[in-house]
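Colleague: Below is one structure. I have some questions about it.
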Amino acid sequence: MHRGKGMKFVGDSRIPAERKPNIPKDYSEYPGKTEAFWPNFLLREWMVGAVFLVGFLCLTVAHPAPLERMADPTDSGYIPLPDWYFLFLYQLLKYEFASGPYTVIGAVVIPGIAFGALLLAPWLDQGPERRPIRRPIASSIMLLAVASVIFLTWESVDQHDWEAAAQQGAIVDFEVDEESYAFEIWTTQQNCINCHGGDMLGGAAAPAVFESDYSKEEVIDIIKNGAPGMPADQFEGTDEELEILAAFIANDGQDPEDD
Amino acid sequence: MLQKIYDWIDERLDITPMWRDIADHEVPEHVNPAHHFSAFVYCFGGLTFFVTVIQILSGMFLTMYYVPDIIHAYESVYFLQNEVTHGVIVRGMHHWGASLVIVMMFLHTLRVFFTGSYKKPRELNWVVGVLIFFVMLGLGFTGYLLPWDMKAYFATVVGLEIAESAPVIGGFAKALLAGGEIIGAQTLTRFFAIHVFFLPGALLGLLGAHFYMIRKQGISGPL
């Protein structure tokens, strides 16, 4: 590199005018079979990456991401569960020595010591030895920690009632037979549609008409006499039509005679 | 033609040294699975980064549909999942990638630990790596709430209860994350901001430091 007097720059910039050749470094004298990252190794890495990506996409296509029903903060009976990689921390809080009055131990002290030790590992294990077998204390503590995480996750998965969990979060979905005569009656009832929606599945002011499990007679009673938050006598039609619609609603959106 | 474009830029910006720094480094024999198959354990770090890139890209596309407020959040995710073309795949990639990044990072941490690579002179890189681990866990925790479905909401309620139980700073930490007493509209927008701006910003900075240090120091030698 040219230094001092006589340096040349591109225009009035600070870029040196002298071009350096763009040639790779020479690794031939390095120990072992060292190779260049670019392009030798990267090409192979890309092929492995492509295989990995195909496997990953197969997983996402075979198992779509789960989605439960919309959050309802008033549903206090819901059994909560964090994502799987937090289960070991969650499970820890279920043991007597780490719950109730001792929650601080399970929530702060034990995880704090574990993650603090992980963060400070280079200063806790300062010996020059690198082979795991030659530093038995560090290796066994790490193995113990990994075993505890696996054990706690296992226990948490084992103790959780997965069937109840799937049920409590399931999206309640009604299939409405829109070809039926009863639905045709519904489409003429502007008062009903205003609140319960044109698809009978609820709107801004009222839930889906199938939400509660009423019998046909109870449905007729509610339509005629109203309910808390719902005015009476909104149905405009004959008693016969009312009966067909009520039967349709009581049967969760299917014509009862089709069954 | 490409060479001409390169030369034109190089004359003005002198990018050759930068390009050589980024692209040109050695891959020693003991980390190359082509020479020793057991060296595949050295791939976990690269795979973690690969999945992180998938997370960033899929997350960018998710925000094209996602609406972070309690009335529309669930509806927008439901729409994305059921109506948008390939929405189910993009959301699936982000969902499974979140788990995969934790798995890969866990394996990478174990590899670095059991090969003793965190020892002098690489202590700082280990610390930065553990900080990346914490940021990733934070991303997992905040991202879990965003679909605003039942499991999301109640997992966050429990998580914030645990945070609250910490002495001295517990109440403050909970108020900061939840944005008030109740877990509701404020909590969702805060978690969205943390998940999409604060933590990714911290992550990119830490990743930059992580890669700079590995390039500067070189990979640890064979055992």
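The values are calculated or read from the model by the stated rules, or taken from the named source; none is laboratory data. Just so we're clear, the structure is a prediction, and the values are computed from it rather than from any experiment. Methodologically, a virtual Cβ is constructed for each residue, glycine included, from the backbone with ideal geometry; neighbour enumeration extends over all protein chains shown. Heavy atoms of the whole protein, side chains included, go into the accessibility calculation; ligands, DNA and RNA do not. Shrake-Rupley method; radii C 1.70, N 1.55, O 1.52, S 1.80 Å.
Colleague: Label points 7 Å out from Cα along the Cβ direction at B:Tyr212 and A:Asn225: separation in nm?
Modeller: 7.6
Colleague: Roughly speaking, to the nearest percent, how much of segment B:32-217's 1.4 Å accessible area is carbon and sulfur?
Modeller: 74
Colleague: Treating the angle as unsigned and between 0 and 90°, give the value, to the nearest 10°, between the Cα long axis of helix A:239-250 and the longest Cα principal axis of chain A.
Modeller: For A:239-250 against chain A, the angle is about 30 degrees.
Colleague: Quote the relative contact order of segment A:80-170 in percent (integer), defining contacts as alpha-carbon pairs under 8 Å separated by 6+ residues.
Modeller: It comes to 35 percent, rounded to a whole number.
Colleague: Separate question: Run the accessible area of segment A:181-258 with a 1.4 Å probe and give the carbon-and-sulfur part as a rounded percent.
Modeller: 47
Colleague: Placing +1 at every Lys and Arg Cβ and -1 at every Asp and Glu Cβ, with all other atoms neutral, what dipole size does segment A:80-170 have around its Cα centre, in debye to the nearest 20?
Modeller: Here the size comes out at about 580 debye.
Colleague: Within the set A:Lys33/B:Lys120; A:Lys224/B:Lys151; B:Lys4/B:Lys216; A:Lys20/B:Lys216; B:Lys151/B:Lys174; A:Lys33/B:Lys119, which residue pairs have Cα atoms separated by over 29 Å?
Modeller: Distance filter (> 29 Å) returns A:Lys224/B:Lys151; B:Lys4/B:Lys216.
Colleague: Still on this structure: Choose one of A:Val104, A:Ala50, B:Tyr118: the residue whose Cα lies farthest towards the positive end of the charge dipole of the protein assembly as shown (beta-carbon charges +1 Lys, Arg; -1 Asp, Glu; about the Cα centre).
Modeller: Final value for the positive-end residue is B:Tyr118.
Colleague: Taking 7 Å along the Cα-to-C-beta vector as the label spot, tell me the A:Val172-A:Trp123 distance in nanometres, rounded to one decimal.
Modeller: Modelled inter-label distance: 5.6 nm.
Colleague: Just to verify a number: FRET efficiency for A:Met7 and B:Met18, C-beta to C-beta distance, R0 = 25 Å, to 0.05?
Modeller: 0.75
Colleague: Rounded if a/c is under 1.5, else prolate if a/b beats b/c, else oblate: with a ≥ b ≥ c from the C-alpha gyration tensor eigenvalues square-rooted, which is segment A:125-259?
Modeller: prolate
Colleague: Leaving out ligands and nucleic acids, and using a 1.4 Å probe, what accessible area per residue does the protein assembly as shown come to in Å²?
Modeller: 59
Colleague: May I pose another question? Taking θ = phi - 60°, what integer Hz values does the Karplus form 6.51 cos²θ - 1.76 cosθ + 1.60 yield along segment A:70-77, in sequence order, with x for Gly and Pro?
Modeller: After applying 6.51 cos²θ - 1.76 cosθ + 1.60, I find 4, 4, 10, x, 7, 7, 6, x Hz.
Colleague: Relative contact order of segment B:32-217: what whole-number percent is it, with Cα pairs under 8 angstrom and at least 6 residues apart?
Modeller: 23 percent.
Colleague: If you take the square roots of the eigenvalues of the alpha-carbon gyration tensor of segment A:181-258 and sort them as a ≥ b ≥ c, do you get rounded (a/c under 1.5), prolate (a/b over b/c) or oblate?
Modeller: rounded
Colleague: Spelling out what I want: for every residue of segment A:104-114, take phi, set θ = phi - 60°, compute 6.51 cos²θ - 1.76 cosθ + 1.60 (Karplus), and round to whole Hz; glycine and proline get x.
Modeller: Ordered by residue, 3J(HN,Hα) equals 4, 5, x, 8, 10, 5, 5, x, x, 5, 4 Hz.
Colleague: Further question: If you keep only loop residues by DSSP, which GluC sites (Glu not before Pro) in segment B:75-172 have at most 13 other Cβ atoms within 10 Å of their Cβ?
Modeller: Taking segment B:75-172 and a limit of 13 other Cβ atoms within 10 Å, the loop GluC sites (Glu not before Pro) found are B:Glu83.
Colleague: Also: Going by alpha carbons, how many degrees (0 to 90, nearest 10) lie between the helix axis of A:42-62 and the longest principal axis of chain A?
Modeller: The angle comes out near 20 degrees.
Colleague: By Kyte-Doolittle mean hydropathy of at least 0.0 and Cα axial length of at least 15 Å, which whole DSSP H helices of chain B are selected?
Modeller: Qualifying helices: B:44-62, B:87-114, B:123-145, B:150-164, B:199-217.
Colleague: What average number of partner chain Cβ atoms lie no more than 10 Å from the Cβ of the residues making up A:70-82?
Modeller: 6
Colleague: Any residues in segment B:164-209 that have 50 Å² or more less accessible area with all protein chains than in their chain alone, probe 1.4 Å, and which are they?
Modeller: B:Ser165
Colleague: Under 5 Å between amide H atoms, partner at least 5 residues away or on a different chain: which partners does A:Met70 have, H built in plane at 1.01 Å?
Modeller: Those qualifying (amide H under 5 Å, at least 5 residues apart or on another chain) number zero.
Colleague: How many Å² of accessible surface get buried when A and B come together, counting both sides, probe radius 1.4 Å, rounded to the nearest 100?
Modeller: Counting protein atoms only, the buried area is about 7200 Å².
Colleague: Return the distance in nm (one decimal) between the two label points of a simple spin-label model at B:Ala193 and A:Asn191, each offset 7 Å from Cα along Cα→Cβ.
Modeller: Here the modelled spin labels are 4.8 nm apart.
Colleague: Please identify, among A:Lys25, A:Lys94, A:Lys216, the residue showing maximal mean-square fluctuation in a Gaussian network model of chain A using a 10 angstrom Cα cutoff.
Modeller: Largest GNM mean-square fluctuation: A:Lys25.
Colleague: For chain A, take the longest principal axis of its alpha carbons; what is the angle in degrees between that and the long axis of helix A:216-225, to the nearest 10 within 0 to 90?
Modeller: Approximately 80 degrees, to the nearest ten.
Colleague: A further question on this structure: When only C-alpha pairs under 8 Å and at least 6 residues apart count, what is the relative contact order of chain A, in percent?
Modeller: 12 percent.
Colleague: For segment A:80-170, what % of the accessible area comes from carbon and sulfur atoms, probe 1.4 Å?
Modeller: C and S atoms contribute 71 percent here.
Colleague: Same structure, new question: Where the only charges are on Cβ atoms (+1 Lys, Arg; -1 Asp, Glu), what is the dipole of segment B:1-114 about its Cα centre, to the nearest 20 debye?
Modeller: Once rounded to the nearest 20, the dipole reads 340 debye.
Colleague: Does any residue of segment B:60-85 lose at least 20 Å² of accessible area with all protein chains in place compared with its chain alone, and if so which ones (probe 1.4 Å)?
Modeller: Buried by 20 Å² or more upon assembly, which counts only protein chains, are B:Tyr74, B:Tyr78, B:Gln81.
Colleague: A further question on this structure: Write down the Å³ per residue value for the convex hull defined by the alpha carbon atoms of segment B:32-217.
Modeller: For segment B:32-217, the hull spanned by Cα atoms encloses 139 Å³ per residue.
Colleague: If I take R0 = 41 Å and measure r between the Cβ atoms of A:Leu144 and B:Ile56 in this structure, what FRET efficiency does the formula 1/(1 + (r/R0)^6) give, to the nearest 0.05?
Modeller: Here the calculated transfer efficiency is 0.70.
Colleague: Could you give me the percent of Cα pairs per 10 Å distance bin for the protein assembly as shown, shortest bin first, beginning at zero and ending with the bin that holds the maximum distance?
Modeller: 3, 14, 20, 21, 16, 11, 7, 5, 2, 0, 0
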